[in-house]
Amino acid sequence: MTDAASAATDERVKTVSPWRRALIRPELGGICGTILVFLLFGAIAGDSGMFKAEGIMNWTVVSAQFMIIAVGACLLMIAGEFDLSTGSMIGFSGTVMAILSVHMGWPLWAAILFTFVFCMLIGALNGWLVVKTGLPSFIVTLAFLFILRGLTIWGSVYFTRQTIIGGVAEKAQGDWLAPVFGGKILTGFFTWMGENGWIATFTRGSRAGQPVVDGIPMLIVWALLLVVLGHLLLTRTKFGNWIFAAGGDAQAARYVGVPVNRVKISMFMFSAFCATVFATAQVVEFGSAAADRGMLKEFEAIICVVIGGALLTGGYGSVIGAALGAVIFGVVQQGLFFANAESSLFRVFLGAILLIAVIMNTYIRRIITGER
Amino acid sequence: MTTPIVEMRDIRKHFGHVIALNGVSFDVRPGECHCLLGDNGAGKSTFIKTMSGVHRPSSGQMVIEGKPVTFESPRDAMGAGIATVYQDLAMIPLMSVTRNFWMGREPEKGIWPFRNFDLKMAAEVTMSEMKKMGINLRGPDQAVGTLSGGERQTVAIARAVYFGAKVLILDEPTSALGVRQTANVLGTIDRVRKQGIGVVFITHNVRHAMAVGDRFTVLNRGQTLGTATKGDVDAARLQDMMAGGQELAELESSLGGTI
């Protein structure tokens, strides 16, 4: 800007320092936090194997799990709503999938596809109820937290007389869709790295000579894919602008013709989709479904999103930030284990970081909106 | 003078037993600023909501460029070139000026599934439109929250004009603003009028109306008390009509001046 132009602006608007400019990027907290936790655990757990191939794979998988549900929660939160039923949805979709394939004898791929459609319809129902009744999504999805969890336990016991349904591994044999969720990629590359001695290999047992990390699980691929697609959708498309608008001020958005209801319902469906991806990967990997899976995951997803800089009130946030929040979450959870720390301290840390993140976000919001 | 773009003939609107509008006639011509004055409860908001397609009139006729029309929704009104800028619902503070400007009409480029929001073009247009309106932005990604109330109104007006509004309805654009910001918004109204757009300026502040208005219509208790042209009427007379006369005159004399 030239001097003449800046003279024409309101002289009371101070020029913004690069620091403040960086501060209003939603990802900043996530970036700083990520650097901080890596430094911290590099110092206290650096020699524990946390940063060797196997250790890295360990916390990366955990982070990727958080990432998958965080992306859904993030876009939904930016659109101005919550989904507290995510955790129950994880248990529910896994159980539906297992009952259909193991108990009803459906091919696994058909069970997976059906579950995806069914769960996204439940997500749409969530969204429809929120939009039509005008009730806070907090209450509507809290109801579904209980409804879905109850149905999951009831259905599991009713059909199989137990709450853990095994036998999915056998059904996954030769199935074309199961490897998309439970397989591994780049196995050849990892074998090659093992042969060259760049990563550790097993020295004993039946797998002697094979690398300890034999590929990238599809879970991680899904996580990265969802993060990249979610980020592009939010920042580079028309629909992304509508997501911001729906969460920023639904009425103002309606006045200029944004289909707010459609946006919100789609985001509820996307949240259900992410929960189902999480559940499918888990079911295929473990070879079983359990009725109590996914407990508290909804809150963990929301924490990742908030650490990532999104505002609880909607209209502001970043998918990349949420992904970094998931990394922080995963690294700390597993890092405390590597550092031999008392694992219950993890929750103390979680509460503390959540509080700090929310306070930071509120402060940042004031900067953006110029409130005093 | 030229024919009106929008003409509202004898509009009545009842909400159950409440008669909100009891025969209001009003028209806007291209390039004029027609002020709609009225005290709180006079029916101003009901009337503009009828004009912008939010309410449907109980009776009466709406004519646009000579053709009778009925609006089912605000979208219909927008399609017919009637844009409304609401006092506090114009903008989303957390979003950038560019994203606000294009909200609902985002330009796209590329082929599906790679179709994306053409942010570069959107930013360029926003910057140049803002410059025309006399707002210098730090950058196209500056959040609307950092703008003053007057600037927000101006962005909303610029947006409506850019997207081809023929009639611009401004709902009390100056009522929450300070002196200098008010002057800026009134300046914007003048600029828009000179582009041939008909402006409907709703206010209860007679001085703001006198500053830019070409014609003045006073609404009281759901009825029009007549339309006056600039020069035929003075501020005190408008004030009297708005308040319904007597009491205010007494109050004014005891306070010693025009309120």
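Residues of the range B:132-154 being outside any loop (DSSP other than H, G, I, E, B), within 12 Å of chain A (Cβ to nearest Cβ) and touching a residue at least 12 places away in the same chain (Cβ under 8 Å), which ones?
Listed by number, the residues that qualify are B:A143, B:V144, B:G145, B:G149, B:G150, B:E151, B:R152.
Could you check, for the range A:282-300, whether at least one of its residues is assigned to a helix (DSSP H, G or I) and within 14 Å of another protein chain (Cβ to nearest Cβ)?
Looking through the range A:282-300, none of the residues is assigned to a helix (DSSP H, G or I) and within 14 Å of another protein chain (Cβ to nearest Cβ).
I'm checking my understanding of the structure. Among residues of the range B:119-131 that are within 29 Å of the chain's Cα centre (by Cα) and open to solvent by 30 Å² or more (accessible area, probe 1.4 Å), which one is nearest to the other protein chains (Cβ to nearest Cβ)?
Per the stated criteria, the residue is B:L119.
So, in the range A:342-372, of the ones that are touching a residue at least 12 places away in the same chain (Cβ under 8 Å) and more than 14 Å from every other protein chain (Cβ to nearest Cβ), which residue ends up most open to solvent (accessible area, probe 1.4 Å)?
A:M360
How many residues does the range A:144-165 contain that are surrounded by 15 or more Cβ atoms within 10 Å (Cβ to Cβ), out of contact with any strand residue (DSSP E or B) (no Cβ under 8 Å at 6 or more places or on another chain) and among the small types (G, A, S)?
Residues in the range A:144-165 being surrounded by 15 or more Cβ atoms within 10 Å (Cβ to Cβ), out of contact with any strand residue (DSSP E or B) (no Cβ under 8 Å at 6 or more places or on another chain) and among the small types (G, A, S): 1 in total.
Keeping to the range A:194-223, report how many residues are free of Cβ contacts under 8 Å to residues at least 24 places away in the same chain and part of a helix (DSSP H, G or I).
Number satisfying all stated conditions: 2.
Of the residues in the range B:173-196, how many are at negative phi, open to solvent by 10 Å² or more (accessible area, probe 1.4 Å) and not in a helix (DSSP H, G or I)?
Adding up the residues that qualify gives 5.
Here is a check on your reading of the model: is B:G41 within 11 Å of another protein chain (Cβ to nearest Cβ), over 12 Å from the mean Cα position of the chain (by Cα) and small (G, A, S)?
So B:G41 does not fit the description; no.
Residues to consider are B:G231, B:G226, B:G257; find the one that is assigned to a strand (DSSP E or B) and at pLDDT below 85.
Criteria check complete, one pass: B:G226.
List pairs: first residue in the range B:100-117 and in contact (Cβ under 8 Å) with a residue 60 or more places away in the chain and aromatic (F, W, Y), second residue surrounded by 14 or more Cβ atoms within 10 Å (Cβ to Cβ) and part of a loop (DSSP other than H, G, I, E, B) anywhere in the structure, Cβ distance under 9 angstrom, at least six positions apart or on different chains.
As it stands, the answer is B:F101/B:P140, since those pairs meet every condition given.
Could you tell me which residue of the range B:67-100 is nearest to the other protein chains (Cβ to nearest Cβ), considering only residues that are β-branched (V, I, T) and open to solvent by less than 20 Å² (accessible area, probe 1.4 Å)?
Looking at residues that are β-branched (V, I, T) and open to solvent by less than 20 Å² (accessible area, probe 1.4 Å), I get B:I92.
Just to be sure I understand the filter: pairs with C-beta atoms under 6 Å, separated by 6 or more residues or on different chains, first member in the range A:249-276 and free of Cβ contacts under 8 Å to residues at least 12 places away in the same chain and open to solvent by less than 10 Å² (accessible area, probe 1.4 Å), second member in a loop (DSSP other than H, G, I, E, B) and of a type in the set (V, I, T). Which pairs pass?
Hits for this filter: A:A252/B:I92.
Confirm whether A:F82 is open to solvent by 30 Å² or more (accessible area, probe 1.4 Å), under 23 Å from A:L148 (Cβ atoms), of a type outside the set (V, I, T) and in contact (Cβ under 8 Å) with a residue 12 or more places away in the chain.
So A:F82 passes the test.
The values are calculated or read from the model by the stated rules, or taken from the named source; none is laboratory data. Keep in mind the model is a prediction, meaning the values are calculated, not measured. For neighbour counting, all protein chains shown are included, and Cβ atoms are generated from backbone atoms with ideal geometry for every residue, glycine included. Ligands, DNA and RNA are excluded from the accessible area calculation, which covers all protein heavy atoms including side chains. Shrake-Rupley method; radii C 1.70, N 1.55, O 1.52, S 1.80 Å.
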